[in-house]
1. Condition check: exposed (fewer than 13 other Cβ atoms within 10 Å of the Cβ) and either in a loop (DSSP other than H, G, I, E, B) or at pLDDT below 95 (or both). Does Ser39 satisfy that?
2. Pull out all pairs, ordered by first then second residue, where Cβ-Cβ is under 6 Å, the residues are six or more apart or on different chains, the first lies in region 35-59 and is touching a residue at least 24 places away in the same chain (Cβ under 8 Å), and the second is of a type in the set (Ser, Thr, Tyr).
3. Could you please give the count of residues in region 79-105 that are assigned to a loop (DSSP other than H, G, I, E, B) and over 15 Å from the mean Cα position of the chain (by Cα)?
4. The conditions are (1) modelled with pLDDT of 95 or more; (2) buried (at least 24 other Cβ atoms within 10 Å of the Cβ); (3) in a loop (DSSP other than H, G, I, E, B); (4) of a type outside the set (Gly, Ala, Ser), and Pro133 fails exactly one of them. Which is it?
5. What are the pairs, 6+ residues apart or on separate chains, where a residue within region 161-176 that is closer than 16 Å to Asp18 by Cβ has its Cβ under 9 Å from a residue that is of a type in the set (D, E, K, R)?
6. Please enumerate the residues belonging to region 42-70 that are at pLDDT 95 or above and farther than 23 Å from Arg132 by Cβ.
Amino acid sequence: MGPFRGVSRNMLWRSHIDDPATLDRLVSRLRSLIVKDLSHPVRRPVLFFCIGTDRSTGDALGPLIGTRLVGFGLDASHVWGTLDLPVHAANLHTAIDEAYSSFQNPYIIATDACLGRLENVGMVTASQGPLRPGTGVSKTLPSIGDIHVTGIVNVGGYMEYLVLQNTRLSVVIRMAEIISQALLRATEDVLRLPTEQDDKTSATAPNYD
C-alpha cells in the first residue's frame, strides 16, 4: 500500500475504471513498458507480485488480482500473492528472497493498492520502475518490480488503516478485474514458463508463510 502523489517522472499514465477504454489503454501501456525492458524472444521468467492482504477490503486488490491470474490459467508458481497465499508486510522479504532463489533473473511486474486524493480514487496507474509498498501506511518495506501497476482505492492522509477497512469492495473488485485482464493480455506473448534448460526453476506454487 503506497500513496499516490500525482504525476511524476515515472508516473506518466493513469486512467479511471469508469472509462470504457481503460482496459485497452492499460494493455497498450503495459506492453510499451515491457518492450522497453525485454528483448524478443524473452529469455527471462515473468513473475507477478500481487501485494496486499485479504484481511482489509482496500488492501485486497493485489490478492484479488493474483487469484484472478491463477484462475485465468497462469502457472501458480509465477504468481506471488493470492487470496489463499497473500504477500504482505509480514512476509514480503521472505517472498522476494524465495522468488529470486527459485528463478534466474526474473522480470517482475508488481501490483498493489494505494491511497490518494479524492479526485483520483478509481484511477489505475502503470509505471516503469519498482513498487514501494507500505509508504501509504508509514511502513518501510523493500521495493519490488521492474514495472508496477497500482489502483487508487480510497482517500489518503488520515487514519489510513481505518480508510482501508472501509473501502468499497465493488471498487476494488472492478479494479482487480481490469488490471488482471490487462496483465494477461499484455504478457501473453512474452510469458516464459520454466523449462529444463533454466538454471533455477520452480514447479510448484510459492509458499512463503
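The values are calculated or read from the model by the stated rules, or taken from the named source; none is laboratory data. This is a predicted model, so every value here is computed, not measured. Cβ coordinates were reconstructed from backbone atoms using ideal geometry, including for glycine residues, and neighbour counts include every protein chain displayed.
1. Working: exposed (fewer than 13 other Cβ atoms within 10 Å of the Cβ): yes; either in a loop (DSSP other than H, G, I, E, B) or at pLDDT below 95 (or both): yes.
When the stated conditions are applied, Ser39 passes them.
2. Short answer, once both residue conditions are applied: Arg44/Tyr107; Val46/Tyr107; Val46/Thr187; Cys50/Thr111; Thr57/Thr167; Gly58/Thr167; Asp59/Thr53.
3. So the answer is 6.
4. (1)
5. Cβ pairs passing all conditions: Val172/Asp59; Arg174/Asp18; Ala176/Arg68.
6. Listed by number, the residues that qualify are Thr67, Arg68, Val70.
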